[in-house]
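Participant: What follows is a structure written as structure tokens; I'll ask about it next.
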Amino acid sequence: LELFQLNKNHIDLANARAGSNHRRGMIVTVTATVIAIVLLLTLLYYFRVWVFRPIKSLQRGVRRVQSGDFDHPINLTSKDELEELANEFNAMTVRLRDTYKDLANQVNERSRQLVRSERMVSVGFLAAGVAHEINNPLHSISLYSEALERRINDIGGRVPPEASAEIANFLRVIQQEAFRCKDITRKLLDFSRPGEQKRERTD
């Protein structure tokens, strides 16, 4: 009976120790699980702050540049490679903006030059047409004034000398002015010709 009582006490003591160990193990397990969950949430938060948020900022900056907005730099203060990447991207955006403005200015200047060239071509065509139209009456004026001058010289004895000299003087003035107008129209025609004309030997 004493042996049975001793075994029973020994079993009760073992059960108590097992229960205590079980409770201690449960407490350790729950505590470790809570600590692991807290650590996991903390890591997720810092992953979001250090990695995910800067990447989203870079993505928004790339979309702005893609849409043509070069005036909003990416501001990151993560003190790591992502901040360096953002700074390089901002520098690239500034260079791209300057290149874009330079190209826009060049396109505008070329457009203005093209408009001026078109106007000059139109003026050249107009000058050529006017010169051709004026040359014919000028030729007739000079031709008839020379004919009148010869006719006055032929009938010089029947016209008083003062009147004959005055008429001859008037006819010479008409011829000189006609030739001067023809010279002006020749210059207009030279101006209206596209490019430099080269003379070459021809069979």
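The values are calculated or read from the model by the stated rules, or taken from the named source; none is laboratory data. Only a predicted model underlies this, so the values are computations on that prediction, with no experimental measurement involved. Don't worry about glycine lacking a Cβ; one is built from the backbone with ideal geometry, like all the others, and counts go over all protein chains shown. For the accessible areas, the whole protein counts, side chains as well, though only heavy atoms, and no ligand, DNA or RNA atoms are used. Shrake-Rupley method; radii C 1.70, N 1.55, O 1.52, S 1.80 Å.
Participant: Please determine, by comparing only the residues of region 51-73 that are part of a loop (DSSP other than H, G, I, E, B) and out of contact with any Lys or Arg (no Cβ under 8 Å at 6 or more places or on another chain), which one is most open to solvent (accessible area, probe 1.4 Å).
Facilitator: Step one: filter region 51-73 for residues part of a loop (DSSP other than H, G, I, E, B), giving 67-73.
Remaining after also requiring out of contact with any Lys or Arg (no Cβ under 8 Å at 6 or more places or on another chain): 67-69, 73.
Working: S67: 94, G68: 44, D69: 44, P73: 79 Å².
Filtering first and then ranking leaves S67.
Participant: May I ask you to verify whether D71 is acidic (D, E), touching a Phe, Trp or Tyr at 6+ places or on another chain (Cβ under 9 Å) and in contact (Cβ under 8 Å) with a residue 24 or more places away in the chain?
Facilitator: On the way: acidic (D, E): yes; touching a Phe, Trp or Tyr at 6+ places or on another chain (Cβ under 9 Å): no; in contact (Cβ under 8 Å) with a residue 24 or more places away in the chain: yes.
The answer is no for D71.
Participant: Return the pairs, sorted by first residue and then second, in which the second residue is open to solvent by 40 Å² or more (accessible area, probe 1.4 Å), the first residue lies in region 81-92 and is closer than 10 Å to G61 by Cβ, the beta carbons are less than 7 Å apart, and the residues are 6+ apart or on different chains.
Facilitator: Within 7 Å, the pairs are N90/P73.
Participant: Sticking with this one: Among what's in region 156-185 and is basic (K, R), open to solvent by 70 Å² or more (accessible area, probe 1.4 Å) and within 29 Å of A127 (Cα to Cα), pick the residue that is modelled with the highest pLDDT. I'd like the intermediate steps shown before the answer.
Facilitator: Pass one, region 156-185, residues basic (K, R): 158, 172, 180, 182.
Now restrict to residues that are open to solvent by 70 Å² or more (accessible area, probe 1.4 Å): 158, 172, 180.
Applying the additional criterion that residues be within 29 Å of A127 (Cα to Cα) yields 172, 180.
Values: R172: 86, R180: 89.
Filtering region 156-185 for residues that are basic (K, R), open to solvent by 70 Å² or more (accessible area, probe 1.4 Å) and within 29 Å of A127 (Cα to Cα), the one modelled with the highest pLDDT comes out as R180.
Participant: Sticking with this structure for a sec: Find all pairs meeting these conditions: Cβ atoms under 9 angstrom apart; at least six residues apart or on different chains; first residue within region 137-161 and closer than 10 Å to L171 by Cβ and in a loop (DSSP other than H, G, I, E, B); second residue modelled with pLDDT of 85 or more and not small (G, A, S).
Facilitator: Taking only residues 6 or more apart or on different chains, not a single pair turns up.
Participant: Hey, any hits in region 74-82 for a residue that's modelled with pLDDT under 85, more than 33 Å from the chain's Cα centre (by Cα) and open to solvent by 100 Å² or more (accessible area, probe 1.4 Å)? Reasoning before the result, please.
Facilitator: If we filter region 74-82 for residues that are modelled with pLDDT under 85, which is where we start, we get 74-82.
From what's left, more than 33 Å from the chain's Cα centre (by Cα): 78-80.
Those left that are additionally open to solvent by 100 Å² or more (accessible area, probe 1.4 Å): 79.
The answer is yes; a qualifying residue exists.
Participant: Report, by residue number, each residue of region 49-77 that is of a type in the set (A, V, I, L, M, F, W, C) and closer than 17 Å to K101 by Cβ. Steps first, please.
Facilitator: From region 49-77, those of a type in the set (A, V, I, L, M, F, W, C) are 49-52, 55, 58, 62, 65, 70, 74, 76; that's our starting set.
Once the filter is applied, which keeps residues that are of a type in the set (A, V, I, L, M, F, W, C) and closer than 17 Å to K101 by Cβ, region 49-77 yields V65, F70.
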